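*Asks:* Structure incoming, see below.
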Amino acid sequence: MTPWLTLVGIAEDGFLSDAARAALEAAEVVYGGARHFEIVENLGGKQKTWPSPFSAVYEELDALRGRPVAVLATGDPQWYGIGATLARHFDAGEMRVLPAPSAFQLAAARLRWPLQDVETISLHGRPVETLRGFLAPGVRIIALTSNGDTVREVADILTADGYGGSRLVALEHMGGDRERIVEATARAWRETIADFNTLAIDCLADPGLAVRPRVPGLPDEAFRHDGKMTKREVRAVTLARLQPVPGALLWDIGAGCGSVAIEWMRAARNAHAVAIEPLAERRAMMAENALALGVPGLEIREGAAPDALDSLPAPDAIFIGGGLTAEGVFEAAWAALKPGGRLVANAVTLESEARLLALHRRHGGALTRIAISRASPVGGLTGWRPMMPVTQWAITKEHAA
C-alpha cells in the first residue's frame, strides 16, 4: 500500500527538509498541536488541531484513509511520540516517518553525554513516580516532562529518596530563540521552568544510601506489608522462575502487598502486571508500594480467583501466591496462560503442598523445596533461625503441536 499518512518531525527552529516540505504541501489535512502551528506557518488553512478526546482522531483518520494526510510532531515521532501511538492503529505500509532530532539527542549533545549510556524515559502524561524505577548511583537519565512543574516534582522525589545531591539540568526550548539551560542540585532546586523543557539527571546517592537495584530480591523492609508476603530469598527464586522479559504481562494471584508483581515490573522494561487481591488493606499497601518503588502502572484488581480472572488479557506468566486450594484457580489460570508461558505456585501449608504434589504428578514441571535460615542473636551468641519452608512448583506451558 502506498503510504498516505506522513509524520513530520519538527524542532523548535522550524527547520524542514525538502521531503518534509513536499509532504506538507501535498497534504489535504495537516494535524498538529497549537505550538506546532506557531512554528510551521503558511499551511493554507489545512491545519487541524487534535480532537478532544484524542481517541476521536482514529475515526477522523479512517475517513481520510488513502488521501494525503500529514501530522506534525515534536522531534522524532517514534520516540515517545505520536508515531508510536498511531503505529498501533495503522499498518506500517500506510505510514511514512520523517523525523527531526529528538529532545534526547539535543539534550545529550548539549551535555556531551554519550546517549547510548543514558536512560531515556518519558514523564510526559505519566506519573512522576515512574522515575524511581531508574534511580541508581551514577545513572544518567534524560526525561521528557509534562510541564515546568515536573522538574520541581522530580527534585522533591530525588531529595526524599536519598538522591538530593544529584545534578539536574533543565533545557528549555532547545534549538529556538528562547533556549535556556538551568542547572542545580535536586536539594537546592528553586527555579521556575518553562513548560516546554527536557530534564537531565545525573544521579548522585547520599552517603550510606541503600541501593534498590532492578535485580529481584529487594529487602522485605522495602515494602509496606502485614507480614504476609513472599520473603526476599524466596521472591528472588520465584522471579527467576517467572522469567520477566520486556513487554511481558504477569498475573499475580493473591498478590498481598504486591512484592512479586512490583519486582516483575522493575526487572524488565515495559513489563506489565495485574495484581489480584481480595483484601482492601493489602490493596492499599500494594498501591503505596507501587508508587514508592517506581511502578505506578501496576494494575490492582479487587477480587479472588478464579472469578477475578474473567476478561483479563492473556498473561505471559502467572504467579499463584495465595488461593491455590480454591476450586478452579489453577484450571482457570492454566487455560488463560499463553503457550510458552510460565506458571509458578508457592505453598507453605500442608494443604497447598498436597495440591502442588497432585498438579506435579498430573502435569510435570519442576518441584522445589526452599528452606531459608537467617542468622539472629541467641543470647550473646548467634544462631540460625529457620523461616517456614516453601514448596514451589514451576511449569512452562508447551506450544500446541
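Every read-out reported here was derived from the displayed coordinates using simple, explicitly stated rules and does not represent laboratory data. Model, not experiment: these values are computed from the prediction. Cβ: placed from backbone, ideal geometry, glycine included. Neighbour counts: every protein chain shown.
*Asks:* Throw me the Rg/Rh for the stretch 104-202, computed over C-alpha atoms with Kirkwood Rh, two decimals.
*Replies:* Radius of gyration relative to Kirkwood radius: 0.92.
*Asks:* For the stretch 70-129, max minus min Cα coordinate along each principal axis, in Å, sorted largest first?
*Replies:* Cα spread of the stretch 70-129 along its principal axes, largest to smallest: 37, 28, 19 Å.
*Asks:* Given that compact globular proteins tend to follow 2.2 N^0.38 Å, what is the ratio of the alpha-carbon Rg of the stretch 330-401 to that value?
*Replies:* Taking N as the residue count of the stretch 330-401, the ratio is 1.51.
*Asks:* What does the charge count around L279 come to, taking other residues whose C-beta lies under 15 Å from its C-beta (Lys +1, Arg +1, Asp -1, Glu -1)?
*Replies:* -1
*Asks:* So what's the convex hull volume per residue for the Cα atoms of the chain, in Å³?
*Replies:* 182 Å³
*Asks:* Now for a different question. Within a 10 angstrom radius of the beta carbon, how do I142, I262 rank from fewest other beta carbons to most?
*Replies:* I142, I262
*Asks:* Please list 3J(HN,Hα) in residue order for the stretch 321-328, calculated via the Karplus relation 6.51 cos²θ - 1.76 cosθ + 1.60 where θ = phi - 60°; whole Hz, with x for glycine and proline.
*Replies:* Karplus values, whole Hz, x for Gly and Pro: x, x, x, 4, 7, 5, 5, x.
*Asks:* Another question, then. Report Rg/Rh for the stretch 220-396, rounded to two decimals, where Rg is the Cα radius of gyration and Rh the Kirkwood radius.
*Replies:* We get a ratio of 0.97 for the stretch 220-396.
*Asks:* Which cross-chain or sequence-distant (5 or more) residues have an amide H under 5 Å from the amide H of G14, H modelled 1.01 Å from N in plane?
*Replies:* none
*Asks:* Further question: Sorting T130, T368, T145 on the 10 Å Cβ count, fewest up front, what's the list?
*Replies:* Going from least to most buried by this count: T368, T130, T145.
*Asks:* Follow-up. Find the Cα radius of gyration of the stretch 46-102, compare it with 2.2 N^0.38 Å by division, and give the number to two decimals.
*Replies:* The value comes to 1.10.
*Asks:* How much net charge surrounds T120 when only other residues with a Cβ under 13 Å from its Cβ are counted (Lys, Arg +1; Asp, Glu -1)?
*Replies:* Taking every Cβ under 13 Å from that of T120, the sum is -1.
*Asks:* Please build a GNM for the chain, connecting alpha carbons under 10 Å apart, and tell me which residue among H124, H363, H36 fluctuates the most.
*Replies:* Looking only at H124, H363, H36, the largest GNM fluctuation is found for H363.
*Asks:* Where a Cα-Cα gap under 23 Å defines reach, which lysines qualify for K338, not counting those fewer than 8 residues away within the same chain?
*Replies:* K397
*Asks:* Provide the descending list of Cα extents for the stretch 272-356 along its principal axes, expressed in whole angstroms.
*Replies:* 36, 30, 21
*Asks:* Then there's this: How many percent of the alpha carbon pairs in the stretch 126-270 exceed a separation of 26 Å?
*Replies:* For the stretch 126-270, the share of Cα pairs beyond 26 Å comes to 36 percent.
*Asks:* I'm checking a number: the convex hull volume of the Cα atoms of the stretch 5-101, normalised per residue, in Å³. What is it?
*Replies:* Spread over its residues, the Cα hull of the stretch 5-101 gives 94 Å³ apiece.
*Asks:* Let me ask you something else. If we count every other residue with Cβ under 14 angstrom of D156's Cβ, Lys/Arg +1 and Asp/Glu -1, where does the sum land?
*Replies:* -1
*Asks:* Which whole-Hz couplings ³J(HN,Hα) result when phi for each residue of the stretch 36-41 is put into the Karplus expression 6.51 cos²θ - 1.76 cosθ + 1.60, θ = phi - 60°, listed in order with x for Gly and Pro?
*Replies:* 3J(HN,Hα) across the stretch 36-41, in whole Hz: 4, 6, 6, 7, 9, 10.
*Asks:* Further question on the same structure: List E351, E263 from most exposed to least, where exposure is judged by having the fewest other Cβ atoms within 10 Å.
*Replies:* E351, E263
*Asks:* How far apart, in nm, are the 7 Å Cα→Cβ label points at R187 and Y58?
*Replies:* My value for the distance between the label points is 4.8 nm.
*Asks:* Next question, about the same structure. Say R0 is 41 Å: what FRET efficiency, to the nearest 0.05, do D310 and S17 get from their beta-carbon distance?
*Replies:* 0.20
*Asks:* How far is it, in nm, from the label point at E221 to the one at W334 when both lie 7 Å from their Cα along the line to the Cβ?
*Replies:* Result: 4.2 nm between the two label points.
*Asks:* Ordered by residue, what ³J(HN,Hα) values in Hz, to whole numbers, does the stretch 380-388 give under the Karplus form 6.51 cos²θ - 1.76 cosθ + 1.60, where θ = phi - 60° and Gly and Pro are x?
*Replies:* Taking θ as phi minus 60°, the curve returns x, 10, 10, x, 8, 10, x, 8, 4 Hz for the stretch 380-388.
*Asks:* Now for a different question. With +1 assigned to the C-beta of every Lys and Arg and -1 to the C-beta of every Asp and Glu, and no other charges, what is the dipole magnitude of the stretch 131-203 about the Cα centre in debye, to the nearest 20?
*Replies:* 220 debye
*Asks:* A136 to H399: extension gain in nm, 0.36 nm per residue of separation minus the Cα-Cα distance?
*Replies:* The span from A136 to H399 would gain 90.8 nm if fully extended.
*Asks:* Right, here's the next one. When the Debye formula is applied to the Cα atoms of the stretch 166-222, each taken as the same point scatterer, what base-10 log of I(q)/I(0) results at q = 0.12, 0.20, 0.29 Å⁻¹?
*Replies:* So the normalised log intensities are -0.45, -0.79, -1.17.
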